[in-house]
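Here the structure comes first, spelled out in structure tokens, and everything after it is commentary.
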Amino acid sequence: MTALVLDAPGAFRLVETGTAAEAAAPGPGDARVRVHASGICGSDRELYQGNRPEGYVRYPVTPGHEWSGTVETVGAGVPEALVGRKVVGEGFRNCQVCDRCHAGDTTLCTAGYEETGFTQPGAMADTLTLPARLLHPLSDDADLGAAALLEPAACIAAAALKARAQPGERVAVVGTGTLGMIAVQFLAAVSPRGCWWWAPARTGSGCRCPSAAPSSAPGTSCPTSSRAMTW
């Protein structure tokens, strides 16, 4: 088995971690997952470039916090029924007992920062071991390639809920990256009156703005400025 290890900013290596039979058994409450896919986030770029804020990374580290896979084995106290299930998982190793955790704000846990792929081994490896309580089982027919996007999608879902966009409202989304595209899909699902992306004109990505016809084709520049706006 193999894992990608960042020893320090800009310094990475592939490490042979032994065979599956040689892998350490998960401890009590943990599960070991066979990783199917791991996404690359902007924060992974920070890890490589060395500009992630102090306290939010611990080298050497195996990156990877957006992932999907299948449970291989579980530790004591974890239901055996989880073995063989397709899963994704949360990254924050929250304490579950502080006021923030009780309020549902687990990413603001006051017990200290620990996260898969930053201070704990991540999913850019053949296997990943983590607390089973962080896993979210998927349906048997789930597309594991697409499922690796569920972690960033969950971040956007939380933001969209906080925004409280209502049907009939106009909503703008700044940026046409992965998160921006997911945000537009989420907002469109609640049928706002209009939903806009903003991106530099060089994208040539089409226009949907008040001064353009709704049928503007991809590649149309926004007539109101040097920007392009995308539905």
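Numbers at a glance
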quantity: Amide H contacts under 5 Å for residue 37, placed H, 5+ residues apart; calculated: 68
quantity: For the stretch 99-105, 3J(HN,Hα) per residue [Karplus equation, 6.51 cos²θ - 1.76 cosθ + 1.60, θ = phi - 60°, Hz, x = Gly/Pro]; calculated: 4, 5, 5, 5, 7, x, 8
quantity: Dipole magnitude of the stretch 2-144 about its Cα centre (Cβ charges: Lys, Arg +1; Asp, Glu -1), debye to nearest 20; calculated: 140
quantity: At R0 = 35 Å, FRET efficiency that the Cβ-Cβ distance of residue 20 and residue 111 yields, to 0.05; calculated: 0.60
quantity: Furthest towards positive pole of dipole, 81, 68, 129, structure part the stretch 2-144, Cβ charges; calculated: 129
quantity: Inter-probe distance in nm under a simple model that places probes 7 Å from Cα toward Cβ, at residue 96 and residue 154; calculated: 1.4
quantity: About the Cα centre, charge dipole magnitude for the stretch 3-51 (Lys/Arg +1, Asp/Glu -1 at Cβ), debye; calculated: 120
quantity: FRET efficiency, residue 80 to residue 172 (Cβ-Cβ, R0 41 Å, nearest 0.05); calculated: 0.25
quantity: Highest average packing first - 102-109, 60-67, 119-126, Cβ atoms within 10 Å; calculated: 60-67, 119-126, 102-109
quantity: Net charge contributed by nearby residues that have their C-beta within less than 15 Å of residue 68 (K/R +1, D/E -1); calculated: -4
quantity: Total formal charge among the other residues, if their Cβ is under 13 angstrom from that of residue 20, Lys/Arg +1 and Asp/Glu -1; calculated: -2
quantity: In Hz, Karplus ³J(HN,Hα) per residue of the stretch 31-39 (6.51, -1.76, 1.60; θ = phi - 60°; x = Gly, Pro); calculated: 9, 9, 10, 7, 6, 9, 8, 9, x
quantity: Cα gyration tensor, the stretch 2-144 - rounded (a/c under 1.5), prolate or oblate; calculated: oblate
quantity: The stretch 57-116: C-alpha gyration tensor shape, a/c 1.5 cut-off, then a/b vs b/c; calculated: oblate
quantity: Listed peptides 93-101, 10-18 by packing density, highest first (mean Cβ within 10 Å); calculated: 93-101, 10-18
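We did not get these values from a lab; they are worked out from the coordinates using the rules stated. Bear in mind the structure is a predicted one, so any value in this text is a computation, not a measurement. Using ideal geometry, Cβ is built from the backbone for each residue, glycine included, and neighbour counts are taken over all protein chains shown.
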